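Laboratory data are not the source of any read-out in this text; all were calculated from the coordinates shown. This structure is a prediction, so every number in the text was calculated from the model and none was measured. Please note: Cβ atoms are built from the backbone with ideal geometry, for glycine as well, and neighbour counts cover all protein chains shown.
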Amino acid sequence: MALEPEKNAPEKPAAPPSEELAPGEDFTPPQPSEEGVADAIRKLQGEKQQLTEQLLRKQAELENVRKRLAREKEEFQQFSLFQTMQALIPVLDGFELALLSNGGGEDYRKGVELIYQQLRSALQRLGLEGIESKGLQFNPYMHEAVTLVETDQHEDQEIIEELQRGYIFKNRLLRPARVKVAQRPAAETNPSPPDGDPE
């Protein structure tokens, strides 16, 4: 019994008609004309020139930006120095007046103290801050321990004397404070070697 083809089966699409090449026929794409090649070369050369000009313009703009930023930085530094000098001139005036004075004693001391206050105020306006030390706990980030003093009159690591004031400028450590730091005496059973400090 022969099988009949299914009635609902989809038909296969017909293959596109192919052009049969005759035996010995060469199938190569058509060659562009000389005029078309010349046009393509001119177009590419034009694009190359345009891109080169754009690149040179961008490089010139970048160089101008660099020069402008360098000039603005220098002007800002000069302006900052100008403000600093303006703040310090009154202090210079005070020292000149003090040097012209022939007096001494309490009035002279008060004059020098006034000049000191002027200088300190001017530096504070520029951003200088003194580091508090005496009576506080030793902080290795802000203080430099010059001497350790064994004592039971102070807390361990308490700063008992400021030898040189430390300063912060614009939230950065400019100079640490040089200080004397209290240290608890060593136990009698475990004496520590002398540190050479008579205090």
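Numbers for the structure displayed
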item: Nearest-20 debye value, region 128-188 charge dipole, Cβ charges on Lys, Arg, Asp, Glu; result: 520
item: Computed magnitude of the charge dipole of region 38-126 (debye, nearest 20; Cβ of K, R +1, Cβ of D, E -1); result: 600
item: Efficiency of FRET between Asp107 and Arg165 - r from beta-carbon atoms, R0 25 angstrom, step 0.05; result: 0.45
item: Length added when fully stretched, Asp156-Ala40, from 0.36 nm per residue minus Cα-Cα; result: 33.0 nm
